[in-house]
Amino acid sequence: MQLMRNLSTQIVLLAVTAPVFILLASWGEIWELLLSPVLPDLQQYIYPRFGLWQLIWQHVVMVFISSTLSVLVGVGLGMLATRGFGRDFLPALNGLVSIGQTFPPVAVLALAVPVLGFGAGPTIAALFLYGLLPIVRNTIGGLESVGPEVREAATGMGMSEMQTLWRVEMPLSFPVIMAGVKTSVIINIGTATIGATIGAGGLGAPIVTGLASDNTAYILQGSIIAALFAIIVDTLLEMVERLFASRR
């Protein structure tokens with residue numbers, strides 16, 4: 001019953017935010033209607049260079065690629081570090097991913113541009129490194145939280161180490177791992193806006209242009225759409241986690 005109430009809450013939140021997101025992204029004139037009373041001195045209220053849907057698509061591509069890579073690499077590293085042959089590398093792994101998290105994304109962009117050029121490539125590289133830490137940490141924490149008696153019971157049933165990992169440990173630690181994935185994805189949605197500084201586009205383009213031209217309307221367009229996008233993605237991931245929990 002509690003699970004269904006939580007799932008209903010997520011559905012209601014999605015039903016409210018998704019139409020608002022679509023309306024703001026599709027009807028450009030609504031920005032002028034909403035902002036002209038509070039920002040009457042502006043001459044231009046709608047970001048003119050690209051349509052909002054094009055910017056959203058660019059943002060989605062960067063976040064999807066970087067987050068997919070972070071999940072694959074982060075979960076894989078976490079699994080290896082909790083196996084017998086990989087425990088010796090656990091301190092080094094924690095140190096490496098911590099460095100990736102503390103290194104400013106702007107600095108990663110500056111280092112990646114000479115190698116990858118301008119555009120989405122350096123941004124995806126920065127987001128990939130920035131999103132690793134929560135996934136690796138939560139994967140390790142989730143797998144380590146599975147008690148030894150559970151592993152012993154699985155072994156007693158005739159399961160190999162890999163079968164125990166995939167059929168017992170991973171399902172039990174899924175909520176913890178999923179929490180790291182959600183954190184990583186939401187961080188990437190917000191951080192991807194800096195890619196506009198090197199020509200990657202996305203929802204950071206109106207923000208950067210607004211800052212350069214002192215146009216608050218542009219800044220609000222990019223910021224509000226990015227925030228709604230983050231809420232929608234977080235809600236969808238939460239629903240996936242709830243559905244998996246119900247099946248389990």
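Every read-out reported here was derived from the displayed coordinates using simple, explicitly stated rules and does not represent laboratory data. Computed from a predicted model, the values in this text were never measured in an experiment. Please note: Cβ atoms are built from the backbone with ideal geometry, for glycine as well, and neighbour counts cover all protein chains shown.
What the table below lists for this structure:
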{"item": "Given (i) 0.95; (ii) 1.06; (iii) 0.97, the label whose value is Rg/Rh (Cα atoms, Kirkwood Rh) derived from this model", "result": "(ii)"}
{"item": "Longest to shortest principal axis, alpha-carbon extents of the stretch 105-248, angstrom", "result": "67, 35, 16"}
{"item": "The chain - charge dipole about Cα centre, Lys and Arg +1 at Cβ, Asp and Glu -1, debye rounded to 20", "result": "460 debye"}
{"item": "Label-point gap, in nm, between Leu90 and Ala107 - each point 7 angstrom along Cα→Cβ", "result": "2.8 nm"}
{"item": "Neighbour-count ranking [beta-carbon atoms within 10 angstrom, fewest first] of Met170, Met79, Met157", "result": "Met157, Met170, Met79"}
{"item": "Computed helical MRE - 222 nm, the chain, DSSP H runs ≥ 4 contributing -39500 (n - 2.57), nearest 500", "result": "-25000 deg cm²/dmol"}
{"item": "Furthest towards positive pole of dipole, Phe21, Gly78, Val97, structure part the chain, Cβ charges", "result": "Gly78"}
{"item": "Positive-end residue of Leu52, Ala192, Leu69, charge dipole of the chain with Cβ unit charges", "result": "Leu69"}
{"item": "Per DSSP, loop trypsin sites (Lys or Arg not before Pro) in the stretch 1-89 with at most 14 further Cβ within 10 Å", "result": "Arg49, Arg83"}
{"item": "Whole-number percent relative contact order across the stretch 2-247, with pairs defined as alpha carbons under 8 Å at least 6 apart", "result": "28 percent"}
